[in-house]
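Enquirer: Before we start, here is the structure in question, set down as structure tokens.
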Amino acid sequence: MNIKLLAIGKTDNKALQTLIDDYTKRLSFYIKFELEIIPDIKNVKNLSEAQQKEKEGELILAKLSATDQLILLDENGKTFSSVGFSEELQKKMNSGVKTLVFVIGGPYGFSEEVYKKAQGKISLSLMTFSHQMVRLFFIEQLYRGFTILRNEPYHHQ
């Protein structure tokens, strides 16, 4: 299985980017992983919230192939413990999913078209985090999930 994380806008915090790069490298020992950045929409001040979500949604959907399974990182999604998330990853691998695509949307969330295409939603927390920090937290949780599946000592219970 391949895992791809799509995110809107680049990370401009060098310290966060260094940590994202570190966990991306660690994750590569377990699974083929790709972080793909979708550039920010230009001239957003001239767009309504709905128009911005539509434009971002078009860019997100253009990155998907027909066989990808799409999971949105969404505040209204299902919450998991780290162990529960690792079990969910194992189920996806066992089901024969070729590419699992997770998406971090823009500041206003997702367009209706993206919600319709998605096969699931995950919430990382009831708290609100910056989109840049969510990238780090999510990639770290992917890494933690695979260490749990391999019974490695990274995760303590």
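Enquirer: Would you mind counting up the charge near residue 84? Only other residues with Cβ under 11 Å from its Cβ, with Lys and Arg at +1 and Asp and Glu at -1.
Expert: Taking every Cβ under 11 Å from that of residue 84, the sum is 0.
Enquirer: If packing is taken as the average number of other Cβ atoms within 10 Å across a peptide's residues, how do 16-23, 1-8 rank, most packed first?
Expert: Most protected by this proxy first, the peptides run 1-8, 16-23.
Enquirer: Assuming R0 = 25 Å, can you tell me the calculated FRET efficiency for the pair residue 59 and residue 83, based on Cβ-Cβ distance, to the nearest 0.05?
Expert: 0.15
Enquirer: Another one. How do the peptides 110-116, 139-145 rank, highest first, by the average count of neighbouring beta carbon atoms within 10 Å per residue?
Expert: 139-145, 110-116
Enquirer: Just to check I understand the Karplus step: with θ = phi - 60° and J = 6.51 cos²θ - 1.76 cosθ + 1.60, what whole-Hz values come out for region 5-22, glycine and proline as x?
Expert: 10, 9, 9, 7, x, 7, 8, 9, 8, 4, 5, 5, 4, 4, 5, 4, 4, 4
Enquirer: Right, here's the next one. Please report the carbon-and-sulfur percent of the accessible area for the chain; probe 1.4 Å, protein heavy atoms only, DNA, RNA and ligands left out.
Expert: 51 percent
Enquirer: What distance in nm lies between label points placed 7 Å from Cα along the C-beta direction at residue 131 and residue 66?
Expert: Computed distance between label sites residue 131 and residue 66 equals 3.0 nm.
Enquirer: Rolling a 1.4 Å sphere over the protein heavy atoms, what is the accessible area per residue of the chain, to the nearest Å²?
Expert: Value returned for the chain: 57 Å² of accessible area per residue.
Enquirer: Want the number for residue 15 to residue 75: 0.36 nm per residue separation, take away the alpha-carbon distance, what's left?
Expert: 19.1 nm
Enquirer: Follow-up. In whole percent, what relative contact order does region 24-156 give with Cα contacts below 8 Å and a gap of six or more residues?
Expert: So the answer I get is 34 percent.
Enquirer: How would you order 75-86, 40-51 from highest to lowest mean count of nearby Cβ atoms within 10 Å?
Expert: By packing density, highest mean first, the sequence is 75-86, 40-51.
The values are calculated or read from the model by the stated rules, or taken from the named source; none is laboratory data. Values in this document were obtained by computation on a predicted structure and should not be read as measured data. Heads up, the Cβs are rebuilt from the backbone with ideal geometry, glycines too, and the neighbour counts pull from every protein chain shown. The accessibility values were calculated without ligands, DNA or RNA, using every heavy atom of the protein model including side chains. Shrake-Rupley method; radii C 1.70, N 1.55, O 1.52, S 1.80 Å.
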